[in-house]
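Here is the structure we will look at.
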Amino acid sequence: MKRNFSHRVAPYVEEELANSIQARSAGDTRQEFSHLERAHVIGQESTYWHVKVHVLMLVWAARNHSAREALGQIVRIIGAATKTVFGLVPQGNTGGANISPFKRMPIAPELATLIQKAKSGV
């Protein structure tokens, strides 16, 4: 099921990643990171997408000279790579270093709908 979920959730994560690139091109680093956070929430139950989004957040941190965010992302990459497969992800967590990596958060309704679609295969 996890592999199928990864494939089914891909278009939704990729859309947010594309939106983050557009925001970066427009010079809006806050909006860029916001789209990375949305991609994180959508794809965090997939090890592939979970790790990939954290790597992209690390790249964002380096590009924006944020040592705090970079350090936080290194820790999160390790956690995503080793814990996601066991289902050890705090649902709704947006993935940035400004939030505890263990904190569960409410999922925006539009994102919850996309996640449910990917889980059910609809």
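The values are calculated or read from the model by the stated rules, or taken from the named source; none is laboratory data. Not measured: the values here are computed from a predicted model. Please note that ligands, DNA and RNA were not included when accessible areas were found on the heavy atoms of the full protein model with its side chains. Shrake-Rupley method; radii C 1.70, N 1.55, O 1.52, S 1.80 Å.
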- Query: Where only protein heavy atoms count, and the probe is 1.4 Å, what is the accessible area per residue for the chain in Å²?
  - Reply: 56
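Please report, to one decimal in angstroms, the Kirkwood hydrodynamic radius of the chain built from all distinct Cα-Cα pairs. Please report the intermediate quantities before stating the final value.
Working: mean 1/r = 0.0705 Å⁻¹.
About 14.2 Å for the chain.
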- segment 55-122: relative contact order from alpha carbon pairs under 8 Å, six or more residues apart, as a whole percent, is 22
- Note on the structure: Contact order relative to length for segment 36-80, counting C-alpha pairs under 8 Å separated by 6 or more residues, stands in percent at 35
- Task: Normalising by the residue count of the chain, find the relative contact order in percent from Cα pairs under 8 Å and 6+ residues apart.
- Result: 27
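Lys pairs in the chain, Cα-Cα under 16 Å, at least 8 apart or on separate chains: how many?
Lysine pairs meeting both conditions in the chain amount to 6.
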- On the accessible surface of the chain, probed at 1.4 Å with all protein chains in place, carbon and sulfur together account for a percent value of 61
- Picking from 20, 46, 100, which is most flexible by a Gaussian network model of the chain using Cα springs under 10 Å? 100
